[in-house]
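Trainee: Pasting a structure below so you can have a look.
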Amino acid sequence: MIEMERVDVAVVGGGPAGLAAAAAARTAGAGRVLLLERDTRLGGILNQCIHDGFGTKVFKEALTGPEYAALAIRRAHDAGVETRVDTTVLELDPNRTMTVISRNGMRRIEAGAVVLSMGCRERTRGAIGIAGSRPSGIYTAGAVQNYMNLRNILVGRRIVILGSGDIGLIMARRLALEGAEVACVAEILAYPSGLARNIVQCLDDFGIPLHLNTTVVEIHGTDRVAGVTLAEVGCKGGIRRRTRRRVECDTLMLSVGLVPENELSKRAGVVLDAVTRGPVVDDAYQTSVPGVFACGNVLQVHDLVDYASLEAEKAGTSAAAFARTGALPAARIRVLPGAGIRYVLPQRVTGGDAIDFTMRVSKPARDAALVFSSDGREIRRLQQQVLAPASMARVRLGRGRLEGLSEVMVEVAG
Amino acid sequence: MYKTFDVAIIGGGVVGCAIARELSRYRLDVVVLEREPDVARGTSSKNSGVVHTGINVPPGSLKARLNVAGAAAFEALCRELDVPFKRVGKLVIAMRAEEAPELQALLTRGSANGVPDLEIIDSETVRRLEPNVSGYAALHAPTAAITCPYSLTIALAENAASNGVAFQLESPVTSIVPPGEAFTLTTPSGLVNALLVINSAGLHADRVARMAGLSKYRVYPCRGEYVILDKSRCGLITRMVYPVPPKGGPGLGVHITPTVDGNILLGPSATYIRGRDDVRTTMAMRRQLLKEAAELLPGISPGDAIAAYSGVRPKTVPSSRGGFGDFIIEEPPETLGMLHLVGIESPGLTAAPAIAALAREWVLRYLPRPESPRFNGRREPSPRFRELVAESQAALAAVDPDYGQIVCRCELVTKAEVLESIRNPLGAKSLISIKYRSRAMMGRCQGGFCGPRVVDLLRETGVPVDRITLRGGGSWMFAGTTRGTANGAGRAPVTTGAGDD
């Protein structure tokens, strides 16, 4: 009684990555490409990002999130992608059969190739373990953005923000513009997690103080948040008790990191990277499960949406090739993060074609170099003025540079 | 003139609700007075959810008798009320040879209480039963079980309500005038008259007794903190894993408990506190829970935590004295017609059905009423989408499209289930009430994604945005609407999508 259908490429998730992957798969010749989205509309989190600055790489103009989404949706539809919203993928098995459900009932979908593009979720209070009482008024930044920008609801009047991630910074400005008072932003690290432009445009321009090396150690209030205790963090990560001070507020907004949403991937047997918490992929963006590809924030948390779309185009193109041929060249060369590199993608490469590496450094550096080497032999060195964990670094190695190697390492050299 | 109830039950915890449901079998007018905006808001929702066998309580005590009797009735009760119950069994682990005699002591005590099938097993058998757990030896109690404590409390209350029991929520009792003809209880929403009163106010039972002029009880609040782990870790254990109970300590030690929903609980700690409602969590205890749990189960890491909470035990023994304190269930001569239940901490959940039977006998002695022919103790099972096989899920969605629409992705809760929880018979409409009934907002994103969708559904049922609360009272969720929002910004966006297009 469960209806079965067959598609060439199925894409799970209709945010910017899924839309770009689906369009690219069609453009690369895949016959039936089906995009499944669990929310009520396509576009993903872009729909709630009403600020601008998106699209300069992909669409060559500065767009708001909804504008970027609208163009990406049009591209997918123009390319002939079928889309279904309000449709949740319940299961994905290693043979690429999916169980999906919507108001129209349950279906099984057999796919020649699958692209995973489910995005990420926000880390919560429970995940980072902030102590204290459990009143109302504790929100993640993305949820605040959803309530404000999609539902016209204001969550509070005096807000403390923990974490200087980009969404938090954007929301600090948005809240200030709505007449709410943003008391401060506390960041546990010695440097901001968000992009420099957002620190300037969202905090400095609005006179919102940023306290580095500072965190929230306790939440107060029985019914609604009544305040938080901030404290400085010492160089070994311990709380400096004498710096504890209480800040009155009715809302604590968390912008403390994003986690790729890989529950479906795990159940399909996809191997994840312990650092990115996204799948381990090769240069075709194929995961450890043949025919299953990953791109966008489910693979790695990106800094700019344009790069998520560009990455997804490659994943979609590879998926179309797999759906056609049933196999892709084996990726035998291992890519390892060395000193100063938090992670580097892809983790395995074939070595034939040109390869785009993306990576994040562990800590900020100036006038340093990204060095690719194999067995101590330097392959490529790129001098960089600034390296910051908040920005992804991108490096292209031309065709043939890795041929015959078994391993390549990337590191930051002074 | 106010209506006079036969029985007023003060406190809508698991015990109060079990008593209410037990009394609803008879032709009795019963009211439950609960100070919070829903039942199960105190200790009953913040514990380990364990149905104890009776190995931890001294033979001959009231705790032992009611624990064993309650455990015997538990499975049938859960089945009747469609509440999860799993007989997963329990291991008490001796980490070192020195702790092994403790296992023997527990076995002896358990056997004296009539606990069946207890067995001491060696480290190899421990490994075979629980490959991720290490220990020198263990006591295996295969009849120990788990349930969902707040689901049970809610089910008892809703079944009682459908059998005619009145529930007055947000009704803290502030004074009790002893009878002339009947007791008169004052609440903010008015006076309540009752022939008999049952004080099952949990942490506040001593205060309620004092209102009636009885000052001999004292409750010592003892907080237990928990950490909840992500469902992805559920494969680590199948049984409850306990350490040997710390000597003279106020609790059973930090244990690892699988929940009926597939999470793992670490805890509880045991800290005597001043404020009875001080359910805060602390950083020090979180670290300690994760550390102690990792000794029993090395696979656990801090990154697995998705949430933390605390519950408070109503103890009758202060920390200075320590040791065992029994349940107090009595009708002292100073307050005839009023039954006091004091110190109902662990194993109170397990004992609840037996305490209810005891209270029933007490009520029937005063008011020997016949059974009500209308009583229906069965709560119709409502489907829990996440627990069904695909074919059953498909069948449900084919009949009702609301079962095809997933609202909460982490816990796989459908629109149909959220709507049903909003329409609960007690009329509780706060977000936590919806969460406890449907599990929406309870998963790893803690409502980040589904919160706004639940809020939409709540608004569609007529709750304005500025009246939405986390748990009632002053726990408002929203400060209002954004600038330039037209009148009635309160209008909920359309949430039902087109489906296939």
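Trainee: Let me know the mean shielding of B:407-417 by other chains, meaning the per-residue number of their Cβ atoms within 10 Å of its Cβ.
Mentor: Numbers: counts 2, 0, 8, 3, 0, 3, 0, 2, 2, 0, 0.
Per-residue shielding by partner chains comes out at 2.
Trainee: Using unit Cβ charges (K, R positive; D, E negative) and no other charged atoms, how large, in debye to the nearest 20, is the dipole of the stretch A:241-314 about its Cα centre?
Mentor: Here the stretch A:241-314 has a charge dipole of around 780 debye.
Trainee: Under a Cβ-Cβ limit of 4.7 Å, which cysteines in chain B have nobody to pair with?
Mentor: B:C17, B:C78, B:C148, B:C222, B:C234, B:C410, B:C445 - these cysteines have no disulfide-compatible partner (Cβ-Cβ under 4.7 Å) in chain B.
Trainee: Which value, in debye to the nearest 20, gives the size of the charge dipole of chain A about its Cα centre, when Lys and Arg are +1 and Asp and Glu are -1 at the Cβ?
Mentor: With only Lys, Arg, Asp and Glu charged at Cβ, the dipole is about 700 debye.
Trainee: May I pose another question? If I take every Cα pair under 8 Å that is 6 or more residues apart in the stretch B:302-350, average their sequence separation and divide by the length, what percent do I get for the relative contact order?
Mentor: Relative contact order of the stretch B:302-350: 33 percent.
Trainee: Normalise the Cα radius of gyration of the protein assembly as shown by 2.2 N^0.38 Å (N = residues in it) and let me know the number.
Mentor: Details: Rg = 29.4 Å, N = 915, 2.2 N^0.38 = 29.4 Å.
Dividing the Cα Rg of the protein assembly as shown by 2.2 N^0.38 Å gives 1.00.
Trainee: May I pose another question? Can you tell me the length gained on complete extension of the stretch B:S111 to B:Y2, counting 0.36 nm per residue apart and subtracting the Cα distance?
Mentor: Contour length minus Cα-Cα distance gives 34.1 nm.
Trainee: For labels at B:S372 and A:L177 in the simple 7 Å Cα→Cβ model, what's the distance in nm?
Mentor: With each label point 7 Å from Cα toward Cβ, the separation is 5.7 nm.
Trainee: For the stretch A:1-117, report the convex hull volume of the alpha-carbon atoms normalised per residue, in Å³, without decimals.
Mentor: Value for the stretch A:1-117: 94 Å³ per residue.
Trainee: Can you compute the FRET efficiency between A:L336 and B:R287 using 1/(1 + (r/R0)^6), with r the Cβ-Cβ distance and R0 = 41 Å? Round to the nearest 0.05.
Mentor: 0.80
Trainee: Please compute the modelled spin-label separation between A:D78 and B:S134, points set 7 Å along Cα→Cβ, answer in nm with one decimal.
Mentor: The modelled label-to-label distance comes out at 6.2 nm.
Trainee: Mind ranking B:R369, B:R87, A:R174 by accessible surface for me, highest first, 1.4 Å probe?
Mentor: Largest accessible area first, the list is B:R87, B:R369, A:R174.
Trainee: Would you mind getting the accessible area per residue of the stretch A:330-414, heavy atoms of the protein chains only, 1.4 Å probe, in Å²?
Mentor: 50
Trainee: Here's something else I'd like to know. How big is the dipole moment of the protein assembly as shown about its Cα centre under a simple scheme where the beta carbon of each Lys and Arg is +1, that of each Asp and Glu is -1, and everything else is neutral? Debye, nearest 20, please.
Mentor: It works out to roughly 1340 debye.
Trainee: Please report, in Å, the Rg and the Dmax of the stretch A:330-414, where both are computed over Cα atoms only.
Mentor: In Å, with Rg to one decimal and Dmax whole: 12.1, 37.
Trainee: Rounded to the nearest 5, what % of the DSSP beta bridges within the stretch A:124-256 are antiparallel ones? Don't jump to the answer; show the numbers that get you there.
Mentor: On the way: 12 of 29 bridges.
About 40 percent, rounded to the nearest 5.
Trainee: With a 1.4 Å probe and all protein chains in place, put B:I120, B:I55 in order of accessible area, largest first.
Mentor: Per-residue accessible area, sorted high to low, gives B:I120, B:I55.
Trainee: Another question, then. Of all beta bridges DSSP finds with both residues in the protein assembly as shown, what is the antiparallel percent, to the nearest 5?
Mentor: 65
Trainee: When the accessible area of chain B is split by element with a 1.4 Å probe, what percent falls to carbon and sulfur?
Mentor: 51
Trainee: Might you work out the accessible area of B:F167 for me, using a 1.4 Å probe with all protein chains in place, and round it to the nearest 10 Å²?
Mentor: Answer for B:F167: close to 40 Å² accessible.
Trainee: To continue, here is another question. Over chain B, what is the relative contact order in whole percent, taking alpha-carbon pairs under 8 Å and six or more residues apart?
Mentor: In percent, rounded to a whole number, it is 19.
Trainee: Please give the FRET efficiency for B:E387 paired with B:E460, using the beta carbon to beta carbon distance and R0 = 35 Å, rounded to the nearest 0.05. Can you show the working numbers first?
Mentor: Numbers: r = 26 Å, r/R0 = 0.75.
Rounded to the nearest 0.05, the efficiency is 0.85.
Trainee: Report the A-B buried area as the accessible area lost on both sides summed, probe 1.4 Å, in Å² to the nearest 100.
Mentor: Working: alone 18450 and 21640 Å², together 35020 Å².
That pair hides around 5100 Å² of surface in total.
Trainee: May I ask you to compute the full-extension gain from A:K363 to A:L405, defined as 0.36 nm times their residue separation minus their alpha-carbon distance, rounded to one decimal in nm?
Mentor: 12.2 nm
Trainee: Between the alpha-carbon centers of the stretch A:1-31 and the stretch A:45-74, tell me the distance in whole angstrom.
Mentor: Centre-to-centre (Cα) distance: 21 Å.
Trainee: Taking R0 as 60 Å, what's the FRET efficiency between A:R240 and B:E98 from their Cβ-Cβ distance, rounded to 0.05? Could you put the intermediate results ahead of the total?
Mentor: Values: r = 40 Å, r/R0 = 0.67.
Step by step, r from the Cβ atoms, then E = 0.90.
Trainee: On a C-alpha basis, how far is the centre of the stretch B:314-349 from the centre of the stretch B:60-124 in Å? Whole number, if you could?
Mentor: 22
Trainee: For B:A398 and B:L336, compute 0.36 nm times the residue count separating them, minus their Cα-Cα distance, and round to one decimal in nm.
Mentor: Here the segment from B:A398 to B:L336 would lengthen by 16.6 nm.
Trainee: When the helix-only estimate is applied to chain B (DSSP H runs of n ≥ 4, each -39,500 (n - 2.57), divided by the residue count), what is the mean residue ellipticity at 222 nm, nearest 500 deg cm²/dmol?
Mentor: Computed mean residue ellipticity for chain B: -8500 deg cm²/dmol.
Trainee: Could you work out how far apart the two model spin labels at A:S391 and B:E80 are, taking each label as a point 7 Å from the Cα in the direction of the beta carbon, and quote it in nm?
Mentor: Between A:S391 and B:E80, the label points sit 6.9 nm apart.
Trainee: How high is the relative contact order of the stretch A:330-414, in percent, with contacts defined as C-alpha pairs under 8 Å that are six or more residues apart?
Mentor: 40
Trainee: Here's something else I'd like to know. Just the number, please: carbon plus sulfur as a percent of the accessible area of the stretch A:124-256, 1.4 Å probe, no ligands or DNA/RNA counted.
Mentor: The C+S portion of the solvent-accessible surface of the stretch A:124-256 is 50 percent.
Trainee: Then there is this: Per the 1.4 Å probe, what fraction of the accessible area of the stretch A:32-74, in percent, lies on carbon and sulfur atoms?
Mentor: 52
The values are calculated or read from the model by the stated rules, or taken from the named source; none is laboratory data. These figures come from a predicted structure and were not determined experimentally. For neighbour counting, all protein chains shown are included, and Cβ atoms are generated from backbone atoms with ideal geometry for every residue, glycine included. Note: areas computed on protein heavy atoms with side chains; ligands, DNA, RNA excluded. Shrake-Rupley method; radii C 1.70, N 1.55, O 1.52, S 1.80 Å.
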